[in-house]
Amino acid sequence: MVGITCLNIKVYLLSPDKMLIFNNPKSNIMKKPEKQNITGRRDALKMMGLGSAGIVTGNLADMSPAWANKVEKMTPPSKGLPPIKITNVKAIGVRPGNIDLVVVKVETSEPGLYGLGCATFNQRALAVIEAVNKYLPDLCIGRDAENIEDMWRVAYYSSYWRNGPVLNNGISGLCDALWDIKAKRANMPLYQLLGGKSRFAVDCYTSGDGQSPEAIAENVQKAMDDGFRHVRIGAGRYGGPGVLGANPDFRDAGYGMPTDRFMFQRGYALAIPKVFEVVRKRCGDEVELIHDIHELLEPRDAINVCRAVEQFHPYFIEDPLSPENTHWWKLFRESTSVPIAMGELFNNVNEYLEPMSNRRFDYIRCHVSQIGGITQAMKIAHLGEWFNIKTAWHGPTDTSPVGHAALAHMELVHPNFGIHEGRGGFSDRLSEFFPGCPTIKNGYMYVNEAPGVGVEINEKLASKYPATNDGGRWTTRKRDGTIISP
Ligand code: MG
C-alpha cells in the first residue's frame, strides 16, 4: 500500500486485488458515516456510498484489522450538491432600441436561483417567444436542471422535425440559462467553469462603414483612435446596397415594395478593392481590416473580389458564399489565399464538419443562438482547434448582452479564439435593461466576475418595451427586381 497526501486529499493505492480509497476529511459537504460492523465487501461499499462501483475490488474480509479500522473511519466520497429541478421556463422579449432581443429565463427549485440565456432571432422574435412559452415549460418543468446535454437533446429531438432557426434559438435560451445556473451554483464566473482563461480579455472588432472610401477611412481612423486594432469596413449598408446611389428600375416599374432594397452587385464588387486601397493608404498596414460580403455576390464574383483584396492583407473576408453555394468551396480555396470566415447562416453543428475538416475556411462565423447555444458552440470551437480554425462568433447588435457575455466567456477560454464582433458596444440605455453588460475598453471586451454569465435583465423595464414584429427585412433586389439571396 502507498499513501499520498496532497493538501487535504488522501489517496491510498493498494494491490490490484484490494481497494482504492479516496478520502477528503476536510470536506464540509460530506457527512460522517455512522459506525457499522464491516462483515464483507458489500457492507463496506454501502458504508462508503459506492454501491457496486467498479473502482473497488477485492474483499474487506481479506484486510488486516488495522486497515479495516481505517476504512471504518473513512468518510464517503462527495455526492455533489443536492439535485435541483426546473420549475419554470419563459421568454422575455424586449426592444430597447430598434432591434428585438429575446432572453429565456429558467427558474429552479432552489429559491432565487435562475439562469438567463440569449434566444435572439431579431427577424422572427415573436415566433421564438411563442415557441418558448408554449412548448418549453411542459417539456422542462420537473427535469433535472444540472444535466444540460440531456436537456438540450430532450428539447431538440422532442419535436421530431428540428433544426430550424426558431426552435434552435429557443433551445439556445434554455441551454445557456442552464449554463448560467450551473456556474452560479459553482459560485464562479462561467469562464472558470469552462476551463479558465487563456487570455486576459477578448479582442474586439468594431465597424467603420461609410458611403465612400474616404468616409470609411475616416471612420477606421476614429476606431483606431478609440483603441481598436480590428475594424470591419463596408461600402454601403450590409455589403453594398446603394453603393452607387442608383435608382433601380424595379421601383420605377412599381415592382416589389418601396422598402425593398436595391443592390448593384458589379458596382459593389468593383468598389471593395478601392475601399481597401484608400483605407490602407490613410490608416497604414497595422490595423486589421475585415469585410463582410454577406453572401450577396455570385460565387465567381466573390472569388474575384477576394483575389483583388489579397494585396491589402485583410484579417478575413466574411461569408463570401451562401449556404446554397457551398459546393464552390473547393474552387474558392484553390483560387485565393485570403482568410475566410464562414457559417453565419448555418443552423446545425453538422454543417461545420465537412468544411472544417477540409479546412475550407479559417474563422468560425456562427450565430451561436442559431445553432442551439453554448453546448453546441463549444463542440464547434473544439473541432476548430484540431484544424487551426479560430472562432469569430456572430455578435452584432441583434445579439443580447446576455448572449454577448456568453460568447465572451467562451472566448476567454478557447485557445483558438480569433476575434469578437464588438461593434455597437453597450450603451447606458442598454445597460439599464441588462445590468452587468460586458465593457469594452481599448478594443478589449471584459466580462464581470459575478457568478454565472454575469448579466441580468430588468424585467420591469423590459415589460414596458416589449418585442415587436418589426424585424429586419432582407429583401434585396437586382435592378430588374430579381431577388438576391443573402
Ligand atoms: Mg456576416
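The values are calculated or read from the model by the stated rules, or taken from the named source; none is laboratory data. Keep in mind that what you see is a predicted model, and the values were worked out from it rather than measured. FYI the Cβ positions are ideal-geometry reconstructions off the backbone, even for glycines, and counts take in every protein chain you see.
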If THR259 satisfies every condition in (1) in contact (Cβ under 8 Å) with a residue 60 or more places away in the chain; (2) away from the ligand (no atom under 16 Å from the Cβ); (3) outside any loop (DSSP other than H, G, I, E, B) but one, which is the exception? (3)
Just to verify a result, which residue in the range 263-286, among those that are touching a strand residue (DSSP E or B) at 6+ places or on another chain (Cβ under 6 Å) and in contact (Cβ under 8 Å) with a residue 60 or more places away in the chain, is farthest from the ligand (Cβ to nearest atom)? VAL275
Members of the range 462-486 found to be in contact (Cβ under 8 Å) with a residue 60 or more places away in the chain and farther than 30 Å from MET342 by Cα, listed by number: ALA462, TYR465, PRO466
Unique match (being modelled with pLDDT of 95 or more, buried (at least 17 other Cβ atoms within 10 Å of the Cβ) and either within 22 Å of the chain's Cα centre (by Cα) or of a type in the set (D, E, K, R) (or both)) among GLU130, GLU149, GLU110: GLU110
Output the number of the condition that LEU331 fails; it satisfies all remaining conditions of (1) under 20 Å from the mean Cα position of the chain (by Cα); (2) away from the ligand (no atom under 16 Å from the Cβ). (1)
Might you let me know whether the range 241-248 holds any residue that is assigned to a helix (DSSP H, G or I) and modelled with pLDDT under 95? no
Looking at (1) within 15 Å of PHE200 (Cα to Cα); (2) part of a loop (DSSP other than H, G, I, E, B), find the lone condition where GLU411 falls short. (2)
Sort through HIS367, HIS420 and tell me the only one that's under 10 Å from the mean Cα position of the chain (by Cα), of a type outside the set (A, V, I, L, M, F, W, C) and either within 26 Å of ARG124 (Cα to Cα) or within 15 Å of the ligand (Cβ to nearest atom) (or both). HIS367
Return the residues of the range 389-403 that are more than 24 Å from GLY93 (Cα to Cα), assigned to a loop (DSSP other than H, G, I, E, B) and away from the ligand (no atom under 15 Å from the Cβ); say none if nothing qualifies. ILE389
